[in-house]
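Here is the structure we will look at.
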Amino acid sequence: MTKSELIERIAAKLPNLTLKEVDRIVNVIFERLTAALVSGDRVEIRGFGAFSIRTRKPRVAINPKNKVKVQVPEKNIIHFKTGKELHNRLNP
């Protein structure tokens, strides 16, 4: 599902809101989630899951085209852990 599909589905369920209003609401939610993650906070949505930042250690990788070793620096990645409700729906 794309962001625009999400906005359209929400707007269809809430006919009292315009598409533009739903778009603004979804954008604010994503902006707040992003800001929280950038600041290092954990974002938990009960029943859905939790987003957190993990640090991946620096490592040596091999370029598959020319077999040259490349140093990959340390970097932050987003980790998602499913909530109990979502996990149960995915794995009945």
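The values are calculated or read from the model by the stated rules, or taken from the named source; none is laboratory data. Because the structure is predicted, anything quoted here is derived from the model rather than measured. Please note: Cβ atoms are built from the backbone with ideal geometry, for glycine as well, and neighbour counts cover all protein chains shown.
Residues in the range 21-49 that are among the hydrophobic types (A, V, I, L, M, F, W, C) and part of a helix (DSSP H, G or I): Val22, Ile25, Val26, Val28, Ile29, Phe30, Leu33, Ala35, Ala36, Leu37, Val38. Within the bounds of the range 50-71, is there any residue that is over 25 Å from Leu86 (Cβ atoms), assigned to a loop (DSSP other than H, G, I, E, B) and outside the structural domain of His87 (by TED's automatic domain parsing)? No, the range 50-71 has no match at all. Looking at Arg42 and the list (1) loosely packed, with under 10 Cβ neighbours inside 10 Å; (2) basic (Lys, Arg); (3) at pLDDT 95 or above, which single condition is not satisfied? Among (1) loosely packed, with under 10 Cβ neighbours inside 10 Å; (2) basic (Lys, Arg); (3) at pLDDT 95 or above, Arg42 violates only (1). Within the range 1-47, the set of residues being within 22 Å of Lys81 (Cβ to Cβ) and hydroxyl-bearing (Ser, Thr, Tyr) comprises Thr34, Ser39.
The set of residues in the range 25-59 that are free of Cβ contacts under 8 Å to residues at least 24 places away in the same chain and among the β-branched types (Val, Ile, Thr) comprises Ile25, Val26, Val28, Ile29, Thr34, Val38, Val43, Thr55.
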